[in-house]
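Encoded as structure tokens, the structure appears first; notes follow it.
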Amino acid sequence: MTDRKTLANAIRALSMDAVQQANSGHPGMPMGMADLAEVLYNDHLRHNPTNPQWWDRDRFVVSNGHGSMLLYSVLHLSGYDLSLDDIRNFRQLHSPTAGHPEYGEAPGIETTTGPLGQGLANAVGMALAEQLLAARYNRDGHTVVDHRTFVFVGDGCLMEGISHEVCSLAGTWGLGKLVVFYDDNNISIDGQVDGWFTDNTPERFRAYGWQVIEAVDGHDADAINKAITEALTNADKPTLICCKTTIGYGSPNKAGTAATHGAPLGDDEIAATRKALGWNYPPFEIPDQVRRAWDARKRGQAIEQEWQERWTSYQSAFPNEAGELARRMDGDLPENFDDLLAKAIIDSQDDDSNVATRKASGMAIESLAPHLPEMIGGSADLTGSNNTDWSGSVDIMHDRASGNYISYGVREFGMTAIANGIDLHGGFIVYTGTFLVFSDYARNAVRMSALIPTGAIHVYTHDSIGLGEDGPTHQPIEHTASLRLIPNLDVWRPADKTETLVAWGHAIKRRKSPSAFILTRQGLAHQPRDAKQVADIERGGYILKEAGGGNPQALIMASGSEVGLAVQAAAELETNGTPTRVVSMPNPGLFRQQDASYRQAVLPADLSARVAVEAGVSDYWYGFVGDSGRVIGIDRYGASAPASDLFREYGFTVDAVVTAVNEVVGI
């Protein structure tokens, strides 16, 4: 029988060899945490390498993602479809073994990690998703949702502020199936962390309400096994296992130093390490007995088969619940969702009331959520302002089984990263809310939602100087444009409740990529539309008002709160003899994705007299109006005053738009 240290050394050997061949990477963490990974994978992790998407598998997240070779090594060794050639091609173009783990690139990668702390936050979301689904669907004698979430973190993850946000919530929520392994090796890139990380980490986590298991020898398999077993017996609290490890374990001259953190060991040191570890095999060679000991395919199939028998029994006993859970975990919408959405849009367009788009968003949730038990929302302490709750909202702290609303407190970054984890787990359509200006706090998690990608929906209200008296600290100027620069993020700034509802429908159906809604505090006028115009909203930009006679001499494009202003200005221009088309652009990025003939029909190339109007930075719109066009925007910070005064002060008036159009027409 192969001893445990040899099994762990297989991780060390593959990791140092792959980093050396790539001449790039981080060998220290995989070598230091190899014993932890070996015990976890071989003794505790419930997974099936032949079916990586099995619903009830345990989740394993490497939050300290620079140590990606640890994850790739255990996936390869335990039997996932990740070949030795893939390991050899670590960090190479089009290889699934990227520098940091990337979701979807290789089976068994649960999330994209690298920005420290966010993998931990994703894992909190995954653990919460499991807890909520278990409470909703498990029945006496029928347990079909029952899995754990395991996370590896390093000093850097716990230095990042997001770790405070999400671990505080994990303790409050009592996520008893969340187990975090803290790689306490006292090293970061700059060296010994004593000069910048002196927190009492165990006491910190006890204060959050966690179970803490201290001073575990991270190189002693029996001690690790005992700690994991203890962690899994506490169903009421998440557990932090503090593991004392040596970074670069096995390297005679570099172990325990920052030299192993982010650079290859070098050929000579690798040879010395092989000798020290007793690993007498060439690079990338794993002996058959080690492969057999690691292979988890047969065991994984047996574990899933046992679950499958429980699932079959559950289907017979609770067919409705089973059907709903299966649909949710498969990411499918109810069969009649398209019809429900279409009717809701018609009803919205028939209602000519004027409302703020933040309120319109709440109305959209109210109309759709009753038909989508998978919808789960929340806000960073701004529920009443964001309009993110609805009449059927139940706070998860009040009832886990029916809970569908999360009060995150003032934690925008943590909220967004947790939402990414909920989405990655499966079974939910997740949305979050805060003021647009505070999207800055969440920025990297928003980027990660687009990069991973997840289907998270980011609701951002109070979108401009229109929020008024709170002043420039709370008035977004550059935020909408900057969010539009994030690839794969669908950014909507709707003009009224119909555009808002269409945006919600589009985001829900999109599922595989994130969306952001940019919504007003102030009320906006309802815009009349025919059926074709309503349908064209989903194309990102469309002709809202055609010029008199259908032959425009000028074109005004706008988004959000400025669409109504554009319509008023066009009416005055028509009266003065300038036929003017108005284009509503709720989602310019989506408009750019339309076919050339549609874009030409909306924005004719020979119609160069163009004016764009948006209460934000102007640069973004020059790509639409060209050098001869004009942009009415804001390229300075706001001020504290009533919204109506601010719009006049900053030039958002009918007269200003008319003047700009006259200038580009040449009048």
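Please find, within region 85-97, the residue that is most open to solvent (accessible area, probe 1.4 Å) out of those that are part of a helix (DSSP H, G or I) and either of a type in the set (A, V, I, L, M, F, W, C) or free of Cβ contacts under 8 Å to residues at least 24 places away in the same chain (or both).
The residue in question is ASP85.
Of all residues in region 566-575 being open to solvent by 10 Å² or more (accessible area, probe 1.4 Å) and out of contact with any helix residue (DSSP H, G or I) (no Cβ under 6 Å at 6 or more places or on another chain), which is farthest from LYS497 (Cα to Cα)?
So the residue we want is THR575.
Would a scan of region 616-627 turn up a residue that is under 16 Å from VAL563 (Cα atoms), free of Cβ contacts under 8 Å to residues at least 24 places away in the same chain and either touching a His at 6+ places or on another chain (Cβ under 6 Å) or surrounded by fewer than 19 Cβ atoms within 10 Å (Cβ to Cβ) (or both)?
Yes: region 616-627 contains one or more residues that are under 16 Å from VAL563 (Cα atoms), free of Cβ contacts under 8 Å to residues at least 24 places away in the same chain and either touching a His at 6+ places or on another chain (Cβ under 6 Å) or surrounded by fewer than 19 Cβ atoms within 10 Å (Cβ to Cβ) (or both).
Kindly indicate the residue of region 628-649 that is open to solvent by 30 Å² or more (accessible area, probe 1.4 Å) and assigned to a loop (DSSP other than H, G, I, E, B) and also farthest from SER559 (Cα to Cα) among those meeting that condition.
The extreme case among them is SER640.
Is there a residue in region 593-605 that is touching a strand residue (DSSP E or B) at 6+ places or on another chain (Cβ under 8 Å), in a helix (DSSP H, G or I) and not hydrophobic (A, V, I, L, M, F, W, C)?
Checked against the condition, which is being touching a strand residue (DSSP E or B) at 6+ places or on another chain (Cβ under 8 Å), in a helix (DSSP H, G or I) and not hydrophobic (A, V, I, L, M, F, W, C), region 593-605 yields no hits at all.
Restricting attention to region 576-596, which residues are of a type in the set (Lys, Arg) and surrounded by 20 or more Cβ atoms within 10 Å (Cβ to Cβ)?
Correct list: ARG581 only.
Of all residues being within 26 Å of GLU105 (Cα to Cα), open to solvent by 10 Å² or more (accessible area, probe 1.4 Å) and hydrophobic (A, V, I, L, M, F, W, C) in region 453-493, which is nearest to the chain's Cα centre (by Cα)? Just the residue, please.
For region 453-493, the residue satisfying everything is LEU489.
Examine region 218-227 for a residue that is of a type in the set (D, E, K, R), out of contact with any Pro (no Cβ under 7 Å at 6 or more places or on another chain), at pLDDT 95 or above and part of a loop (DSSP other than H, G, I, E, B), and state whether such a residue exists.
Yes, there is a match, as at least one residue in region 218-227 is of a type in the set (D, E, K, R), out of contact with any Pro (no Cβ under 7 Å at 6 or more places or on another chain), at pLDDT 95 or above and part of a loop (DSSP other than H, G, I, E, B).
Taking the options GLU214, GLU230, GLU269, name whichever one is in contact (Cβ under 8 Å) with a residue 24 or more places away in the chain and more than 30 Å from the chain's Cα centre (by Cα).
Of the residues listed, the single one that is in contact (Cβ under 8 Å) with a residue 24 or more places away in the chain and more than 30 Å from the chain's Cα centre (by Cα) is GLU214.
Can PRO96 be described as over 22 Å from ALA293 (Cβ atoms) and touching a His at 6+ places or on another chain (Cβ under 9 Å)?
Spelling it out, it is not the case that PRO96 is over 22 Å from ALA293 (Cβ atoms) and touching a His at 6+ places or on another chain (Cβ under 9 Å).
Under 7 Å between Cβ atoms, at least 6 apart or on separate chains: pull out the pairs that start in region 306-323 with a residue that is under 19 Å from HIS147 (Cβ atoms) and end on any residue that is part of a helix (DSSP H, G or I) and open to solvent by 70 Å² or more (accessible area, probe 1.4 Å).
ALA322/GLN315
If I go through region 311-363 residue by residue, how many of them are surrounded by fewer than 17 Cβ atoms within 10 Å (Cβ to Cβ), closer than 21 Å to GLY564 by Cβ and of a type outside the set (Asp, Glu)?
Here the count works out to 2.
List, please: which pairs have Cβ atoms under 8 Å, are six or more places apart or on different chains, and start with a residue in region 185-198 that is touching a residue at least 40 places away in the same chain (Cβ under 8 Å) and closer than 16 Å to ALA263 by Cα and end with one that is outside any strand (DSSP E or B) and of a type in the set (D, E, K, R)?
ILE187/ASP155; SER188/ASP155
Would you tally the residues in region 130-167 being in a helix (DSSP H, G or I), open to solvent by 20 Å² or more (accessible area, probe 1.4 Å) and of a type in the set (S, T, N, Q)?
1
Any idea which of (1) in a helix (DSSP H, G or I); (2) buried (at least 18 other Cβ atoms within 10 Å of the Cβ) is the one PHE517 doesn't satisfy?
Failed condition: (1).
Which condition does ALA525 not pass, out of (1) aliphatic (A, V, I, L, M); (2) within 27 Å of HIS371 (Cβ to Cβ); (3) in contact with a Gly (Cβ under 7 Å, 6 or more places away or on another chain), if it passes all the others?
(2)
So which of ASN64, ASN138 is touching an Asp or Glu at 6+ places or on another chain (Cβ under 8 Å) and in contact (Cβ under 8 Å) with a residue 40 or more places away in the chain? Walk me through it before giving the result.
On the way: ASN138 fails: in contact (Cβ under 8 Å) with a residue 40 or more places away in the chain.
Answer to the selection: ASN64.
What are the pairs, 6+ residues apart or on separate chains, where a residue within region 565-587 that is more than 14 Å from ILE667 (Cβ to Cβ) has its Cβ under 9 Å from a residue that is assigned to a helix (DSSP H, G or I) and polar (S, T, N, Q)?
Listed by first residue and then by second, the contacts come to SER584/GLN533; PRO586/THR500.
Please verify whether region 523-534 includes one or more residues that are more than 14 Å from ARG358 (Cβ to Cβ), modelled with pLDDT of 95 or more, of a type in the set (A, V, I, L, M) and part of a loop (DSSP other than H, G, I, E, B).
Looking through region 523-534, at least one residue is more than 14 Å from ARG358 (Cβ to Cβ), modelled with pLDDT of 95 or more, of a type in the set (A, V, I, L, M) and part of a loop (DSSP other than H, G, I, E, B).
Among VAL613, VAL657, VAL583, VAL625, which is β-branched (Val, Ile, Thr) and touching a Lys or Arg at 6+ places or on another chain (Cβ under 7 Å)?
When all the criteria are applied, what remains is VAL625.
Looking at region 99-107, is at least one residue within 15 Å of the chain's Cα centre (by Cα) and of a type in the set (Ser, Thr, Tyr)?
Yes, because at least one residue in region 99-107 is within 15 Å of the chain's Cα centre (by Cα) and of a type in the set (Ser, Thr, Tyr).
Looking for something over 13 Å from the mean Cα position of the chain (by Cα) and open to solvent by less than 10 Å² (accessible area, probe 1.4 Å) - is there at least one such residue anywhere in region 440-450?
No, every residue in region 440-450 fails to be over 13 Å from the mean Cα position of the chain (by Cα) and open to solvent by less than 10 Å² (accessible area, probe 1.4 Å).
Would you confirm, using the coordinates I've provided, whether HIS100 is on the phi < 0 side of the Ramachandran plot, part of a helix (DSSP H, G or I) and open to solvent by 10 Å² or more (accessible area, probe 1.4 Å)?
No: the conditions fail for HIS100.
Rundown of residues vs (1) out of contact with any Leu (no Cβ under 8 Å at 6 or more places or on another chain); (2) in contact (Cβ under 8 Å) with a residue 12 or more places away in the chain; (3) under 16 Å from SER449 (Cα atoms); (4) not acidic (Asp, Glu), yes/no style:
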site: MET375; (1), (2), (3), (4): no, yes, no, yes
site: ASP381; (1), (2), (3), (4): yes, yes, no, no
site: TYR408; (1), (2), (3), (4): no, yes, no, yes
site: THR416; (1), (2), (3), (4): yes, yes, yes, yes
site: GLY421; (1), (2), (3), (4): no, yes, yes, yes
site: LEU424; (1), (2), (3), (4): yes, yes, yes, yes
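Okay, residues lined up against (1) of a type outside the set (Gly, Ala, Ser); (2) open to solvent by less than 30 Å² (accessible area, probe 1.4 Å):
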{"position": "ASN9", "(1), (2)": "yes, yes"}
{"position": "ALA18", "(1), (2)": "no, yes"}
{"position": "GLN21", "(1), (2)": "yes, no"}
{"position": "PRO27", "(1), (2)": "yes, yes"}
{"position": "LEU75", "(1), (2)": "yes, yes"}
{"position": "SER83", "(1), (2)": "no, no"}
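The values are calculated or read from the model by the stated rules, or taken from the named source; none is laboratory data. In this text, all values refer to a predicted model and were calculated from it rather than measured experimentally. Quick reminder, even Gly has a Cβ in these numbers, built from the backbone with ideal geometry, and neighbours come from all protein chains shown. Note: accessible area is taken over every heavy atom of the protein model, side chains too, but ligands, DNA and RNA are not part of it. Shrake-Rupley method; radii C 1.70, N 1.55, O 1.52, S 1.80 Å.
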